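Have a look at the structure below before the remarks.
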Amino acid sequence: MSQAITPDESICLVCNAPLDEVAWILGEAKLCQNCRKQLQVHKQAYRIEGRIWYVLYEYNDFLERLWFRYKEQRDIVLAPIFLEEVRASFFSKYCVCGLCSSEKKRLDRGFEPLKEIFMAQGIEFYSPFYKNRDWKQNHQHKQERKKIAQILKKKSLYPLPNKAICLVDDVCTSGASLEAALSQMDCAMVFVVSAHPVWIQEHAAMRVSLRKVPWK
Ligand SMILES: [Zn+2]
């Protein structure tokens, strides 16, 4: 049975269940306990070719549905939930640069999903890349990796602040897009909100334990 919700009642942004009052008062909760436990927290760092990659969540069915609802069904109210676990202060000394959707996707959606989730945490966000056509990611073979390198381009006139660059993306499937971006820009580190289990498995040997981490 659904409950009547008064306008000032705090509810889970995903399922509309009432939130834990204490967490809500502290301004920490946007998700109910039940939704939160379906997110598969990963919080691991990897050293790949001398660069640290941080992974917040492992991609699972729940997150797949959330990304779909947020990005394709344009449920923009979900923007604050994806980075609820990060410390915004960690990113303040970096220039956060995100990968992008194709121009077509961006126009269809009317917003840039990755940008909105960082902005929701008060983190400044830059988009120095563009895609010259639409591209559906999957577990590509080598030739397809070459293709993404041809599609993902760096904007020629796009001023960035003079800070170390942190390259970010929402979903790391094969890592091909991120690798294409890294080949065009000098980035200090990589942060991905969610990585596919196959990527995680393939990089298990590169996992490192660090004291300085971007999450709570
Ligand atoms: Zn919920």
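Quick note: the coordinates plus some simple rules give every number you see, no bench work behind them. Note that the structure is a prediction, hence the values are computed from the model and not measured. Here Cβ is always computed from backbone atoms with ideal geometry, including for glycine, and neighbour counts include all displayed protein chains.
Expressed as a rounded percentage, what relative contact order does the chain have, with Cα pairs under 8 Å and six or more residues apart?
24
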Open item on the list: What distance in nm lies between label points placed 7 Å from Cα along the C-beta direction at residue 119 and residue 89?
Closed with: 2.6
Task: Antiparallel content of DSSP bridges confined to the chain, in %, to 5 - done: 40
- [ ] For the range 188-193, just list the computed ³J(HN,Hα) in residue order, Karplus coefficients 6.51, -1.76 and 1.60, θ = phi - 60°, integers in Hz, with x standing in for Gly and Pro.
- [x] 6, 7, 10, 10, 10, 5
Task: Length added when fully stretched, residue 17-residue 127, from 0.36 nm per residue minus Cα-Cα - done: 36.1 nm
Task: Built amide H within the under 5 Å cut-off of residue 215, gap 5+ - done: 87
- [ ] Check the cysteines of the chain one by one and keep only those with no other cysteine Cβ under 4.7 Å from their own.
- [x] 15, 35, 95, 97, 100, 166, 172, 187
TODO: Please report the relative contact order for the range 124-216, taking Cα pairs under 8 Å with a sequence separation of at least 6, and give it as a percent rounded to a whole number.
DONE: 27
Task: Helix-only mean residue ellipticity at 222 nm for the chain, each DSSP H run of n ≥ 4 adding -39500 (n - 2.57), per residue, nearest 500 - done: -6500 deg cm²/dmol
Task: Assigned charges on the beta-carbon of Lys, Arg, Asp, Glu; the range 66-107 dipole about Cα centre (debye) - done: 160
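If I take R0 = 30 Å and measure r between the Cβ atoms of residue 157 and residue 49 in this structure, what FRET efficiency does the formula 1/(1 + (r/R0)^6) give, to the nearest 0.05? Kindly include the intermediate steps, with their values, before the conclusion.
Working: r = 29 Å, r/R0 = 0.95.
The value I calculate is 0.55.
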Task: Cβ-derived FRET efficiency at R0 25 Å, residue 198 paired with residue 34, nearest 0.05 - done: 0.40
